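Written out below as structure tokens is the structure these notes cover.
What follows draws every value from the coordinates through simple rules; no lab data is involved. Model, not experiment: these values are computed from the prediction. Cβ atoms come from the backbone with ideal geometry, glycine included; neighbour counts cover every protein chain shown.
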Amino acid sequence: MGYVTTDDGVQIFYKDWGSGRPVVFSHGWPLNSDSWQAQMLFLAERGYRVIAHDRRGHGRSTQTWDGNDMDHYADDLAAVLTALDVRDATLVGFSTGGGEVARYIGLHGTGRVAQAALISAVPPLMLQTPDNPNGTPIEVFDGLRAGSIADRSQLYKDLAAGPFFGANRPGTQVSQGMQDAFWLQGMQSGHKSAYDCIKAFSETDLTEDLKRFDVPTLVVHGDDDQVVPIDAAGRASAAIVKDATLKVYAGAPHGITDTHKQQLCDDLLEFVDSFKR
């Protein structure tokens, strides 16, 4: 574990476990790299070097006032990959992290990248617009902002006990520990950084970034994702990225890194194992 300093002086915390070809993880909002530990442990035990960082403003990284946007997130990822001399990497992004991966490829290309995986990811565009009628209305994101200002601790509890893990669906059992871990990671984020990130993940159009993907790409999405609905996200991204492989988890919610962690671990292992130099 350690820190990488970006060009604008931000300290980015990272974990670097194991050895072998690197798999690099980008986390969702309002979480941090701890959210990837199940997948990191699984792949590290099977001969891969696994790296995950806390996005600026989240977890143990600098709680930034400025730069809480996809361009800076992508540049921060680039700084981590450069500092750790990462090559032939599989980039894996969950939710907002999928936007970070997409913008990284859009801005920095795939010189260090062998594969990409978008997991419950926000691309191409979450926000409903005249050109994106299947998107989510702005009022939903305004509600997140209002909840964040009013009582963000309760907002994170409500998300964890509701749509994030699908706990609001009949018959679904989501452990208190899983919910508590979401809340704890959320509360480790900077208030301003997490607030700004709502705009970053919802309003950034990543369509052109997806068109620049030129490496094998896996798209995984639950078809009962209430946070990032599959039609406007996973299915739309898979249609844009050339030769992308789409895997749909039947009945799965947004937070499949936890609710479907073994299925996701197995699918990621199959995907990273498929790389041939």
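Summary table below
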{"item": "Which of L118, L206 has the fewest Cβ neighbours within 10 Å, and the rest in rising order", "result": "L206, L118"}
{"item": "Inter-part distance where segment 11-27 and segment 146-173 are each reduced to a Cα centre, Å", "result": "29 Å"}
{"item": "Residue among Q128, Q176, Q262 with the largest mean-square fluctuation in a Gaussian network model of the chain, springs linking Cα atoms under 10 Å", "result": "Q176"}
{"item": "Computed FRET value (nearest 0.05) for Q263 with K242, which takes r as the C-beta separation and R₀ as 30 Å", "result": "0.70"}
{"item": "Quarter of Cα convex hull surface for the chain, i.e. mean projection, nm²", "result": "13.0 nm²"}
{"item": "Student exercise, segment 120-277 dipole from Lys, Arg, Asp, Glu Cβ charges, in Debye to nearest 20", "result": "240 debye"}
{"item": "Long-range HN-HN contacts of V174 with modeled amide H, under 5 Å", "result": "none"}
{"item": "Most mobile of A146, A114, A160 in a GNM of the chain (Cα contacts under 10 Å)", "result": "A146"}
{"item": "Cα-Cα over 29 Å, subset of K199/K247; K211/K247; K15/K157; K199/K276; K15/K192", "result": "K199/K276"}
{"item": "Order of E203, E208 under a 10 Å beta carbon neighbour criterion, fewest first", "result": "E208, E203"}
{"item": "The chain - percent relative contact order, Cα under 8 Å, separation 6 or more", "result": "21 percent"}
{"item": "Phi to ³J(HN,Hα) by Karplus 6.51 cos²θ - 1.76 cosθ + 1.60 over segment 7-16, Hz, x for Gly, Pro", "result": "4, 9, x, 7, 8, 9, 6, 9, 10, 9"}
{"item": "Top of I198, I119, I138 by mean-square fluctuation, Gaussian network on the chain, Cα under 10 Å", "result": "I138"}
{"item": "Sorted by Cβ density within 10 Å, fewest first, the residues D131, D224", "result": "D131, D224"}
{"item": "Estimated FRET transfer efficiency when R0 is 30 angstrom, pair D231-L184 (beta carbons, to 0.05)", "result": "0.40"}
